[in-house]
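Contents: one structure, followed by commentary.
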4 protein chains.
Amino acid sequence: MDVGFIGLGTMGRAMAGRLLAAGHAVRVWNRSAPAGDDLASRGARRVATPSDAFRGDAVISMLADDDAVREVILGHGVLDGAPKGLVHVNMATISIALAQELAERHGARGLAYVAAPVFGRPELAATGKLNIVAAGDPDAIVRVQPLFDAMGQRTWRLGARPERANVVKLAGNFMLGAAVEAMSEAAAMARRHGVAPADLLDVLTNGVFSAPAYKTYGALIAAERYDPPGFRLALVLKDIRLALAAADMADAPMPLAGVIHDSLLDAVANGDANRDLAALAKVSLRRAGLDGVTQKSAA
Amino acid sequence: MDVGFIGLGTMGRAMAGRLLAAGHAVRVWNRSAPAGDDLASRGARRVATPSDAFRGDAVISMLADDDAVREVILGHGVLDGAPKGLVHVNMATISIALAQELAERHGARGLAYVAAPVFGRPELAATGKLNIVAAGDPDAIVRVQPLFDAMGQRTWRLGARPERANVVKLAGNFMLGAAVEAMSEAAAMARRHGVAPADLLDVLTNGVFSAPAYKTYGALIAAERYDPPGFRLALVLKDIRLALAAADMADAPMPLAGVIHDSLLDAVANGDANRDLAALAKVSLRRAGLDGVTQKSAA
Amino acid sequence: MDVGFIGLGTMGRAMAGRLLAAGHAVRVWNRSAPAGDDLASRGARRVATPSDAFRGDAVISMLADDDAVREVILGHGVLDGAPKGLVHVNMATISIALAQELAERHGARGLAYVAAPVFGRPELAATGKLNIVAAGDPDAIVRVQPLFDAMGQRTWRLGARPERANVVKLAGNFMLGAAVEAMSEAAAMARRHGVAPADLLDVLTNGVFSAPAYKTYGALIAAERYDPPGFRLALVLKDIRLALAAADMADAPMPLAGVIHDSLLDAVANGDANRDLAALAKVSLRRAGLDGVTQKSAA
Amino acid sequence: MDVGFIGLGTMGRAMAGRLLAAGHAVRVWNRSAPAGDDLASRGARRVATPSDAFRGDAVISMLADDDAVREVILGHGVLDGAPKGLVHVNMATISIALAQELAERHGARGLAYVAAPVFGRPELAATGKLNIVAAGDPDAIVRVQPLFDAMGQRTWRLGARPERANVVKLAGNFMLGAAVEAMSEAAAMARRHGVAPADLLDVLTNGVFSAPAYKTYGALIAAERYDPPGFRLALVLKDIRLALAAADMADAPMPLAGVIHDSLLDAVANGDANRDLAALAKVSLRRAGLDGVTQKSAA
């Protein structure tokens, strides 16, 4: 397929690379040009404007946040110049409100808008093992499925209203935050009772909680290893804000999300914005008077 | 081995049955006598008093809560009459404070006290697939390991101080409560946005949250199936109270545990004490103005 | 003084009336024209556009929320046409972010921007008893002090940066929400123990909590009287959202604000958006299984 | 009247002094004997055992907590030796459960039990200005009213079941904790926005929150003055635990109490147990990355 790709951050680069590897023709655009060098050497064509990316069979965008989407996609009339029938697949994590607005604006111009946020860290993106949650016009999704197949191990179809996919993505990241906060609080309590987090989490993440989310972050918490970040804490805070905004507009209280938000904000206020999400554990330790004190397994 | 068994509730019966099946001689005692009938027919010997169970190589207790332990084990001088060197294995979920007191009282009388709470629902107990978390005198644990092997798929050794095992058990049940509360809040928010919990949880519990805890309770929440209870909500509330007490005595704040506690209490106040833990979802739905309204998958 | 007045809701009408009574010349403008009838009969001059109000010595605005301010003040170039040196006094409760943006935009056009949110219900506005919290250019505040004297019993000066006044206002409304939530939770707990809220609150609001906020809302909670609304619950939710946004942008966690937000959202989801803030008590009662059951004083 | 007095801490001494000043004959007993010296010099008679205090017309107890009451009153058969008809007035802050148990045990022995916890700091006790909340047998309350008149400025009668007075006392201390936590969070948020807590609280505690609770603690928070303690933070934590226990046994969720509990526990874990309740502000500052940084008023 002839596909445009906008947004070449860590995730975007890995995903565009998978499209190239699968034989698709990819035109790439990034706000900071150098990001596309590696892809160009593998056959991608760098284009000068977002509008140049909005051509061909489909265009994928993987921008950082709502502001970036507003600036790049809505700010310069990109949609006005796009060919009727083009499918725009937005794979970034954005707000429900913006997803609804984008769906409406695309529809008014005869463009198809598909929301397809992903679950998976960069290493999964690089090997095409992402989980993709897609919602939007069913025909449009069928047309871009070959692209999803190149990037993900599985695509979940969530219906015709695009923002439904974003709801699922935000709910998932909220549940991830809850899992990490729970491990953090449990680890701090255990330490005050003389049980090393490593011993605690070894038992729990190999038993009832033997899921990737628990194993990955449980290991980091146990080792007190917060750098380099796999999933930056500040980005999770951004997603929790979006989850709270989604709850707010739907009149659905989410008290757990409030607690997670406050812990993440506490982490940021105390200098850990750019560490891994696992640094949430430092907040629980600090509340228990333990931050800065290490402890070895005693089991 | 020659082993006593005290406490024949759903879990206790299944565990004692595994001991019989493995060829051990089992003396059983229960506060309400009829409970032992089935075990007696399979070779267990019913004894008249808890003291009769405190004989032989070891005695296992699986009583309902702190009060039951105080009444049965501490209330009638059972420890005073037990033979020196006897190993008492307490497999129930009790408070840290009581675990510490029991360890001291046993030690003062020359008895070995092993805390060995378990993870697993009755069906896992019946098939010997429990996860057992044991702490206490290492020699004593070695001696009762054959009993653990008959009841569990794996034993985790947590060191010499018995209450360490209880810390891990309480932390685990807290994490379970957090997982179910998170799914409940996510499900209510999703429904207000028109996404059926079944669609949401299908994606999430087959991806990053593909652990037993999520799959089991996610399925119940999606189906709004709260009866019959697998894990009674009131029992989880009891365990969260113990986790909060453990946090309190250790000066380790656990805000997530506070939220879970309040949701469970809300469920109890509104009549769901004897439903499954999954009924926590009703609390989130009620807060979002949705309790009593059902919704089908629309994906 | 020659003063414009924009926004004639319940509060705005009462405040503009005070200015007229004090002998000031007042030009009024409102999005829905009829609102100015009563004021016109008392000497106010109705003008056709917001720009017509942005003339003379000063202009006061008392619009509903951020969106209204953006639309009326920023949306139609009003600032571009205003005479240099004009003082704009914004007395509405708006976000910190918008206050900062307004200060900057006014400054760039040579206009003075004073933030002067108020504490007090409509009956206090009608009698000129408001508490006014003002921040902005000191000279500008001195110039408009006669207007403040006509509307309030006291003006608190908070320094030169306008948003400082908004910080104080949002903090105050947050504290009000906390006080009402605390009384609500206490009342529900007391009722479950057989103590009528009226008896409980009679003791407390006449002792250590003998402040207007407690007496006003304590009496409404005790009487379960939520209509007609003095301070609409949905408006308090709006202000708590602004307080949370202020906390968020400042990296200052406010867990109490999170709890209040969730209770207010719960109230809205269950149909009480247009009742008095005191209807927060229904949420606590519902959580305790008591909503809809009344109880008389038994003391 | 001929009255016994048990428990001569800071509050107890001041209250017993008021009884002496009013002309009552007072027999005093304290666990640590020296405490009664000053009272003895003013006419009090020191007695050797709690039983000696349980004589005459009435006996007042003002012990530290549930444990002290259990040890002194229930531990040595004091009730068994007391004369029928004696009125025991317990003015300490104890749990609902213990109040119920005490009422039952006194009734079984023909003794009258009156719960009469007080609001007011030691300086109010010294001048007879306490607010007294009394519940129990109405005739018994009438008989001890002269004692209340000597110690308090007002007595609130709450009905015949003694624990009703304790419910009101615990609710009051919970509301105090909520007020101080709210000021702490508001102060931290304001500081991050450049507004000194002194400026913020000057406005708020002289306006809508002009109650003693706000003025007293607001001034301490503004001045960052946490020593010496007027109301020790660890004692407030004790009372919040009792409030949460009261909520728990009544199935009435109190999420605000959970937040206050966690903040107090955080303060204790970080070394502030023996500072004033106002030190709660340090927790909010620490969460916002500000602990240890001071700021002067800039208004």
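A few points about this structure:
- The stretch B:10-51, residues that are open to solvent by 50 Å² or more (accessible area, probe 1.4 Å) and more than 28 Å from B:P229 (Cα to Cα): B:A22, B:G23, B:A25, B:G43, B:R45, B:R46, B:A48, B:T49
- Residue check, A:N131 among the polar types (S, T, N, Q) and crowded, with 24+ Cβ neighbours inside 10 Å: no
- Qualifying positions in the stretch C:78-98 - under 18 Å from C:D67 (Cβ atoms) and modelled with pLDDT under 95: none
- For D:A250, the conditions (1) touching a helix residue (DSSP H, G or I) at 6+ places or on another chain (Cβ under 7 Å); (2) under 26 Å from A:D262 (Cβ atoms) all hold with the exception of (2).
- Close contacts from the stretch C:1-22, counting a first residue that is of a type in the set (K, R) and a second that is assigned to a helix (DSSP H, G or I), with Cβ to Cβ under 6 Å and a gap of 6+ residues or different chains, come to C:R18/C:A150; C:R18/C:M151.
- Options B:V133, B:V142; residue that is more than 14 Å from chain A (Cβ to nearest Cβ), among the β-branched types (V, I, T) and within 27 Å of A:R191 (Cα to Cα): B:V142
- With respect to being within 14 Å of chain C (Cβ to nearest Cβ), free of Cβ contacts under 8 Å to residues at least 24 places away in the same chain, over 20 Å from A:R192 (Cβ atoms) and open to solvent by less than 20 Å² (accessible area, probe 1.4 Å), A:A252 fits the description.
- Per the listing A:E181, A:E185, the residue uniquely closer than 25 Å to A:A246 by Cα and among the acidic types (D, E) is A:E181.
- The listed residue being within 11 Å of chain A (Cβ to nearest Cβ) and within 21 Å of B:A188 (Cβ to Cβ), out of C:A245, C:A234: C:A234
- Against the numbered list (1) more than 8 Å from every other protein chain (Cβ to nearest Cβ); (2) open to solvent by 10 Å² or more (accessible area, probe 1.4 Å); (3) of a type in the set (A, V, I, L, M, F, W, C), B:I221 comes up short only at (2).
- Beta carbons closer than 6 Å, at least 6 apart along the sequence or on distinct chains, pair a first residue in the stretch B:224-247 that is closer than 19 Å to B:R121 by Cβ and at pLDDT 95 or above with a second that is part of a helix (DSSP H, G or I) and of a type in the set (V, I, T) for B:I240/B:I260.
- Residue tally, condition more than 7 Å from chain A (Cβ to nearest Cβ) and not basic (K, R), over the stretch B:184-193: 2
- Residue list for the stretch D:194-213, restricted to those being within 7 Å of chain C (Cβ to nearest Cβ), open to solvent by less than 20 Å² (accessible area, probe 1.4 Å) and not in a helix (DSSP H, G or I): D:V195, D:G207, D:F209, D:A211
Rundown of residues vs (1) closer than 27 Å to C:Y217 by Cβ; (2) modelled with pLDDT under 95; (3) more than 13 Å from the chain's Cα centre (by Cα); (4) of a type outside the set (K, R), yes/no style:
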position	(1), (2), (3), (4)
C:Q100	no, no, yes, yes
C:A103	no, no, yes, yes
C:H106	no, no, yes, yes
C:A112	no, no, yes, yes
C:L130	yes, no, no, yes
C:R143	no, no, yes, no
C:L147	no, no, yes, yes
C:A165	yes, no, no, yes
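- Filter result for C:L111 (touching an Asp or Glu at 6+ places or on another chain (Cβ under 7 Å) and either away from chain D (no Cβ under 14 Å) or at negative phi (or both)): no
- Among the candidates C:A171, C:A126, residue that is closer than 19 Å to D:A179 by Cβ and either within 11 Å of another protein chain (Cβ to nearest Cβ) or open to solvent by 10 Å² or more (accessible area, probe 1.4 Å) (or both): C:A171
- All positions within the stretch A:91-110 that are touching a residue at least 40 places away in the same chain (Cβ under 8 Å) and open to solvent by less than 10 Å² (accessible area, probe 1.4 Å): A:M91, A:A92, A:I94, A:I96, A:A99, A:L102
- For the stretch C:1-76, the helices (runs of 4 or more DSSP H) that sit wholly inside it and include 1 or more residues that are within 18 Å of C:A99 (Cα to Cα) and at pLDDT 95 or above are C:66-69.
Results for (1) open to solvent by less than 20 Å² (accessible area, probe 1.4 Å); (2) part of a loop (DSSP other than H, G, I, E, B); (3) small (G, A, S), shown as yes or no for each residue.
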position: D:K238; (1), (2), (3): no, no, no
position: D:L244; (1), (2), (3): no, no, no
position: D:D248; (1), (2), (3): no, no, no
position: D:A257; (1), (2), (3): yes, no, yes
position: D:I260; (1), (2), (3): yes, no, no
position: D:D266; (1), (2), (3): yes, no, no
position: D:D272; (1), (2), (3): yes, yes, no
position: D:A278; (1), (2), (3): yes, no, yes
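The values are calculated or read from the model by the stated rules, or taken from the named source; none is laboratory data. Nothing here was measured: the structure is a model prediction, and the numbers come from that model. Because the Cβ atoms are built from the backbone with ideal geometry, glycine has one as well, and the counts that use them run over all protein chains shown. Quick note on the areas: whole protein, heavy atoms, side chains included, nothing else; ligands and nucleic acids left out. Shrake-Rupley method; radii C 1.70, N 1.55, O 1.52, S 1.80 Å.
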